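*Asks:* Mind looking over this structure? Questions follow.
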Amino acid sequence: MLKNPLSQILKPNFSLTPYLFLFPALFILGLTVFWPALQAFYLSFTRYGYDITEAPNWIGLANLQRLWTDPIFWQTLRNTLLYLACVVPILVIAPLGLAILVNGKLPGMNWFRTAYYTPVVISIVVAGIAWKWLYAENGLLNQVLQTLKLVQPGSGIPWLTIPELALFSVMAVTIWKGLGYYMMIYLAGLQSISPELYEAAALDGSDGARKHLDITVPLMTPYLLLVAVISSISATKVFEEVFIMTQGGPRNSSKTIVYYLYEKAFEELEIGYACSIGLVLFLLIFVLSILRFIVPTHNRELD
């Protein structure tokens, strides 16, 4: 008996099996990520504070209006954007240089790869405490500066205790910790580039540093954009370094959005207001993520 071709075309091609495999992961994500995110979105429009046994009180846009007139929030937003502007360009460019360096065939390169990657595996808590000791008035960094006679003997630079330097001192830790991680991403991309391209470029007179401008950078564009997005999101969510080294001080000069959210939620127990800060943080990270899809990632043709 012949089957009707039209019925075969109109028959829905649906299988429940893939969704059954996905269900455990989606269920866990729903409980631990999606549902809490929806709750936080709802609480951002409520007054939910000290007495968490009481039901949230709906107040509409009052929390967002309070954010608009909160000078500390705007200061933390400026600090976060400054963090982005200073940290991200360095973490996009410097690791590429390190990756090009350790991608060579010189003796001892495996040791250099290990040395550059070591900060990545160190706990941020340990790293923050160690750098706080380095930044101390009688710490190693000030002692080196005194030995080089760059500062007066018996005095030191207050790296973490003056508003002009505190945030930049914390940035240095983020950069130091992230260099090796992004270097490995670039290294994976570099090893996928055929050596024949560099040989052909050398015949055309492109050698030395110029070959990286003509060959490496264009072919590494997707990796550059990936690192830019990842480092931007990480810099926006920076918390541990600030918490361990400065506690947001002095005078809120190193306080970021995430630290301000933590302060409002867990120190002052203003849960609703903290959720409204989290909503702004979500929008900021969402915009950074969307840029990844807007910016073209195709490579230009190599002549």
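*Asks:* At what distance in nm do the modelled label points of Arg47 and Ala25 sit from each other, each positioned 7 Å from its Cα along Cα→Cβ?
*Replies:* 4.4 nm
*Asks:* Efficiency by 1/(1 + (r/R0)^6): what FRET value for Val287 and Val217, r their Cβ-Cβ distance, R0 = 30 Å, to the nearest 0.05?
*Replies:* The computed FRET efficiency comes out at 0.70.
*Asks:* Taking Rh as the Kirkwood radius, which is the inverse of the mean 1/r over Cα pairs, what is the Rg/Rh value for the chain?
*Replies:* 1.09
*Asks:* Sticking with this structure for a sec: Please list, in chain and number order, the residues 5+ apart from Thr46 or on another chain whose amide H is under 5 Å from its amide H, with Hs placed from the backbone.
*Replies:* Ile59
*Asks:* First compute the accessible area of the chain with a 1.4 Å probe, then give the percent of it belonging to carbon and sulfur atoms.
*Replies:* So the carbon and sulfur contribution to the accessible surface is 69 percent.
*Asks:* I would also like to ask the following. Starting from 0.36 nm per residue, how many nanometres of slack lie between Asn138 and Phe239 once their C-alpha separation is accounted for?
*Replies:* Net length gain for the segment: 33.8 nm.
*Asks:* For segment 97-166, just say rounded, prolate or oblate: build the C-alpha gyration tensor, square-root its eigenvalues into a ≥ b ≥ c, call rounded for a/c under 1.5, and beyond that prolate if a/b exceeds b/c, oblate if not.
*Replies:* Since a/c reaches 1.5 and a/b is larger than b/c, the shape of segment 97-166 is classed as prolate.
*Asks:* Can you bin segment 35-163 into rounded, prolate or oblate? Criterion: square roots of the alpha carbon gyration tensor eigenvalues sorted a ≥ b ≥ c, rounded for a/c under 1.5, prolate for a/b above b/c, oblate for the rest.
*Replies:* Prolate shape, in that a/c is at least 1.5 and a/b is the bigger ratio.
*Asks:* For a Förster distance of 30 Å, can you work out the FRET efficiency between the beta-carbons of Leu81 and Glu267, rounded to the nearest 0.05?
*Replies:* Efficiency, rounded to the nearest 0.05: 0.80.
*Asks:* Sticking with this structure for a sec: What's the magnitude of the charge dipole for segment 135-243 around its Cα centre, counting Lys and Arg as +1 and Asp and Glu as -1 at the beta-carbon? Answer in Debye, nearest 20.
*Replies:* Using Cβ point charges on Lys, Arg, Asp and Glu, segment 135-243 gives about 260 debye.
*Asks:* Right, next: Mind grabbing the base-10 log of I(q)/I(0) for segment 200-253 at q = 0.13, 0.15, 0.28, 0.29 Å⁻¹? Debye formula, identical points on the C-alpha positions, no solvent, two decimal places.
*Replies:* Results for segment 200-253 at q = 0.13, 0.15, 0.28, 0.29 Å⁻¹ read -0.57, -0.63, -1.00, -1.03.
*Asks:* Between Trp111 and Val280, how many nm apart are label points set 7 Å from Cα along the C-beta direction?
*Replies:* 5.0 nm
*Asks:* Any chance you could run the full-extension gain for Leu64 through Thr118? It's 0.36 nm times the residue separation minus the Cα-Cα distance, nm to one decimal.
*Replies:* 15.2 nm
*Asks:* Just the number please: accessible area per residue for the chain, 1.4 Å probe, all protein chains included, in Å².
*Replies:* 62 Å²
*Asks:* Then there's this: For the chain, modelled as a Gaussian network with Cα springs under 10 Å, which listed residue fluctuates most, Leu291, Leu77, Leu261?
*Replies:* The residue that fluctuates most here is Leu291.
*Asks:* Among Tyr273, Tyr262, Tyr42, whose mean-square fluctuation peaks in a Gaussian network model of the chain (Cα, cutoff 10 Å)?
*Replies:* Taking springs between Cα atoms under 10 Å, the residue moving most is Tyr42.
*Asks:* Helix by helix, which DSSP H runs in the chain go 20 Å or more along their axis at the Cα atoms and have an average Kyte-Doolittle hydropathy of 0.5 or more?
*Replies:* Correct list, ordered by number: 71-102, 163-190, 221-236, 271-294.
*Asks:* Between Gln191 and Gln39, how high is the FRET efficiency from 1/(1 + (r/R0)^6) when r is the Cβ-Cβ distance and R₀ = 35 Å? Nearest 0.05.
*Replies:* 0.20
*Asks:* So, one more: List the aspartates and glutamates whose Cα sits under 20 Å from the Cα of Lys177, skipping any in the same chain fewer than 8 residues away.
*Replies:* Counting by Cα, and skipping residues close in sequence, Lys177 has these aspartates and glutamates nearby: Glu240, Glu241.
The values are calculated or read from the model by the stated rules, or taken from the named source; none is laboratory data. Being a predicted model, the structure only gives us computed values, none of them experimental. Please note: Cβ atoms are built from the backbone with ideal geometry, for glycine as well, and neighbour counts cover all protein chains shown. Quick note on the areas: whole protein, heavy atoms, side chains included, nothing else; ligands and nucleic acids left out. Shrake-Rupley method; radii C 1.70, N 1.55, O 1.52, S 1.80 Å.
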